[in-house]
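K.L.:
A single structure is presented below for examination.
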Amino acid sequence: MIDAMTGARLGSFGPGSRLGILGGGQLGRMIALAAADYGIACHVFAPEEDSPAFDVCAARTIADYRDEAALAGFAAAVDVVTLEFENVPVESLVFLEAHVPVRPGAKALAVAQDRLSEKSLARSLGAMTAEFAAVNDRASLDTAIARIGLPAVLKTTRLGYDGKGQAKIMAQGDVARALAEMNGQPAILEAFVPFEREISVIAARGSDGHFAAFDVTENEHHDHILHRSVAPADLPEALVARAVDATRAIATALDYVGVLAVEFFVIDGDVLVNEIAPRVHNSGHWTSEGAETSQFHQHVRAVCGLTLGSAKARGQATMLNLVGDEANHWEKLLAEPGSHLHLYGKGTPRPGRKMGHITRITPRA
Ligand SMILES: Nc1ncnc2c1ncn2[C@@H]1O[C@H](COP(=O)(O)OP(=O)(O)O)[C@@H](O)[C@H]1O
Ligand SMILES: [Mg+2]
């Protein structure tokens, strides 16, 4: 939409608009499917030729995220840009922002890409986190251990996912190996949190500042990969409020537009911020059938400047990821009444690869 006086694009993009998505994974695929429900067509930009989102988009660009000619062409072809992958270079977002609205923007992405920045932000807003310290070499690691103690977890500050780029340090004998696993990259040492449970808040913030959180989700990981999410989490009201308030404060501080996820550890009657994901999130997949508006529809509404939908739950939801060979049982799952199967079109399963998920909704007790 163009302002007749200034020629500038206005911030709202309804049916007939083009939404650009950086990243071509299953999250982009599900965003594109939701956008289609509103008559909004998607243009997916991803480097991999076999990106799952390409199956369901109107247009595609296959290029490196740093290819400025490709980015310029992409910006010219769409009305607004979002992302489904948080490791897009921040410079690529800055480049795009000169041409087209990008939601969430470079500032939010820069913070969420860096574990030190995201924990510092959470603390500056009054939220709790595990104790942490920056680590660049053996000396800073020794200093960090002296302050934080053991056990602890050493993580690369950037580019980690599904537990990759992390090493647990149980005792002094593990220190050299853990540091070697960082491969010389900047790292963060975190106190190991013997959490009672892990939860996440999936929420949306609109371009007008309107905020809507889904029910808090409880998450169980297997081999560092999300295995099961249950919503609502069985959590005292006070902790629900604390987690949602922290998420709102983070979204506001980042001028965030779109859906974001904040992961927390629950321990000793409190919640500690673990990670911020500047995108729709695996632990929010249950909303596709379990909420009045799915996280994908909500994200499209937010980034396109449309009214947010109701985030109210429709029951008790359980989402199970289908990792690797688990997706081979799809016919059995398809035959199960009341279960909702989603497959990502990734072809032959590989160990540890998210191939799909299944959601079951039951009435609330
Ligand atoms: N400081 C910690 N204490 C205890 N467990 C942790 C800690 N950090 C991470 N974990 C475990 O590892 C999982 C993955 O770590 P996370 O920081 O979320 O990275 P990512 O999801 O990017 O791999 C967490 O969900 C949690 O189960
Ligand atoms: Mg995580």
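The values are calculated or read from the model by the stated rules, or taken from the named source; none is laboratory data. Note that the coordinates shown come from a computational prediction; the quantities given were computed from them, not determined experimentally. As a convention, Cβ positions derive from the backbone with ideal geometry for all residues, glycine included, and neighbour counts pool all protein chains shown.
K.L.:
Please determine, by comparing only the residues of the range 214-247 that are among the β-branched types (Val, Ile, Thr) and part of a strand (DSSP E or B), which one is nearest to residue 297 (Cα to Cα). Please lay out each step first, then the result.
P.N.:
Within the range 214-247, the first condition is being among the β-branched types (Val, Ile, Thr), and the residues that meet it are 216-217, 225, 230, 240, 244, 247.
With part of a strand (DSSP E or B) added as a condition, the list becomes 217, 225, 230.
Values: 217: 18, 225: 25, 230: 20 Å.
This residue is 217.
K.L.:
Ok, one more. Restricting the range 246-289 to residues that are without any contact (Cβ under 8 Å) to a residue 60 or more places away in the chain, over 9 Å from the mean Cα position of the chain (by Cα) and buried (at least 24 other Cβ atoms within 10 Å of the Cβ), which is nearest to ligand 1 (Cβ to nearest atom)?
P.N.:
Only one residue tops the list, namely 247.
K.L.:
Applying the selection to the range 272-286, what residues are among the hydrophobic types (A, V, I, L, M, F, W, C) and near ligand 2 (Cβ under 10 Å from one of its atoms)?
P.N.:
Residues of the range 272-286 that are among the hydrophobic types (A, V, I, L, M, F, W, C), as a first pass: 272-273, 276-277, 280, 286.
Matches in the range 272-286: 276, 277.
K.L.:
Which pairs do you get when a residue that is closer than 15 Å to residue 106 by Cα, found in the range 75-88, comes within reach of a residue that is basic (Lys, Arg) and part of a loop (DSSP other than H, G, I, E, B), reach meaning Cβ atoms under 7 angstrom, with the pair 6+ apart or on two chains?
P.N.:
Partner pairs satisfying both residue conditions: 80/103; 82/103; 83/279; 84/279; 86/279.
K.L.:
Here's another thing I want to ask about it. For the range 267-320, name all the residues that are charged (D, E, K, R), more than 19 Å from residue 243 (Cα to Cα) and touching a helix residue (DSSP H, G or I) at 6+ places or on another chain (Cβ under 8 Å). Give the steps one after another, and end with the answer.
P.N.:
Of all residues in the range 267-320, those charged (D, E, K, R) come to 268, 270, 275, 279, 289, 292, 301, 312, 314.
Within this subset, residues satisfying the condition of being more than 19 Å from residue 243 (Cα to Cα) are 289, 292, 301, 314.
Across the range 267-320, the qualifying residue is only 314.
K.L.:
Condition first: more than 14 Å from residue 189 (Cα to Cα) and part of a loop (DSSP other than H, G, I, E, B). Now tell me which residues in the range 164-176 satisfy that.
P.N.:
164
K.L.:
Check every one of the helices (runs of 4 or more DSSP H) wholly within the range 10-119 and list those with 2 or more residues that are under 18 Å from the mean Cα position of the chain (by Cα) and of a type outside the set (Phe, Trp, Tyr). Write out each step before concluding.
P.N.:
Details: elements: 26-37, 68-77, 90-97, 106-112.
Output list reads 26-37, 90-97, 106-112.
K.L.:
Being closer than 17 Å to residue 194 by Cα and either buried (at least 19 other Cβ atoms within 10 Å of the Cβ) or within 10 Å of ligand 1 (Cβ to nearest atom) (or both) is the filter here, so list the residues in the range 112-144 that pass it. Walk me through it before giving the result.
P.N.:
First, the residues of the range 112-144 that are closer than 17 Å to residue 194 by Cα: 128-132.
Hits for the range 112-144 are 129, 130, 131, 132.
A quick yes/no check of all residues on (1) under 18 Å from residue 264 (Cα atoms); (2) within 10 Å of ligand 1 (Cβ to nearest atom):
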{"site": "151", "(1), (2)": "no, yes"}
{"site": "156", "(1), (2)": "no, yes"}
{"site": "159", "(1), (2)": "no, yes"}
{"site": "163", "(1), (2)": "yes, yes"}
{"site": "166", "(1), (2)": "yes, yes"}
{"site": "170", "(1), (2)": "no, no"}
{"site": "183", "(1), (2)": "no, no"}
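K.L.:
Within the range 157-164, identify whether any single residue is at pLDDT 95 or above, among the aliphatic types (A, V, I, L, M) and either crowded, with 21+ Cβ neighbours inside 10 Å or within 16 Å of ligand 2 (Cβ to nearest atom) (or both), and answer yes or no.
P.N.:
Looking through the range 157-164, none of the residues is at pLDDT 95 or above, among the aliphatic types (A, V, I, L, M) and either crowded, with 21+ Cβ neighbours inside 10 Å or within 16 Å of ligand 2 (Cβ to nearest atom) (or both).
K.L.:
Something else now. Suppose we filter the range 41-74 for residues that are hydrophobic (A, V, I, L, M, F, W, C) and either crowded, with 19+ Cβ neighbours inside 10 Å or modelled with pLDDT under 95 (or both); how many remain? Spell out the reasoning first.
P.N.:
Going through the range 41-74, the residues hydrophobic (A, V, I, L, M, F, W, C) turn out to be 41-42, 44-46, 53-54, 56-59, 62-63, 69-72, 74.
Applying the additional criterion that residues be either crowded, with 19+ Cβ neighbours inside 10 Å or modelled with pLDDT under 95 (or both) yields 42, 44-46, 53-54, 57, 71, 74.
Number of matching residues: 9.
K.L.:
Being within 16 Å of ligand 2 (Cβ to nearest atom) and either surrounded by 24 or more Cβ atoms within 10 Å (Cβ to Cβ) or outside any strand (DSSP E or B) (or both) is the filter here, so list the residues in the range 196-213 that pass it.
P.N.:
Those that are within 16 Å of ligand 2 (Cβ to nearest atom) and either surrounded by 24 or more Cβ atoms within 10 Å (Cβ to Cβ) or outside any strand (DSSP E or B) (or both): 199, 200, 201, 202.
K.L.:
Taking only the range 306-340 into account, find how many residues are among the basic types (Lys, Arg) and either under 24 Å from the mean Cα position of the chain (by Cα) or crowded, with 17+ Cβ neighbours inside 10 Å (or both).
P.N.:
So the answer is 2.
K.L.:
Take residue 300 and tell me if it is farther than 21 Å from residue 215 by Cα, at pLDDT 95 or above and buried (at least 21 other Cβ atoms within 10 Å of the Cβ).
P.N.:
Details: farther than 21 Å from residue 215 by Cα: no; at pLDDT 95 or above: yes; buried (at least 21 other Cβ atoms within 10 Å of the Cβ): yes.
In short, no.
K.L.:
If I ask for residues that are over 27 Å from residue 239 (Cα atoms) and in a loop (DSSP other than H, G, I, E, B), which ones from the range 128-148 would you list?
P.N.:
136, 137, listed by residue number.
K.L.:
Here's something else I'd like to know. Anything in the range 337-361 that is over 21 Å from residue 48 (Cα atoms) and modelled with pLDDT of 95 or more? List them, or say none.
P.N.:
The answer is 340, 341, 342, 357, 358, 359, 360, 361.
K.L.:
Of all residues in the range 258-271, count the ones that are under 25 Å from residue 105 (Cα atoms), within 15 Å of ligand 2 (Cβ to nearest atom) and not small (Gly, Ala, Ser).
P.N.:
Let us first name the residues in the range 258-271 that are under 25 Å from residue 105 (Cα atoms), namely 258-264.
Subsequent filtering for residues that are within 15 Å of ligand 2 (Cβ to nearest atom) retains 260-264.
Okay, now just the ones that are also not small (Gly, Ala, Ser), so 260, 262-264.
Number of matching residues: 4.
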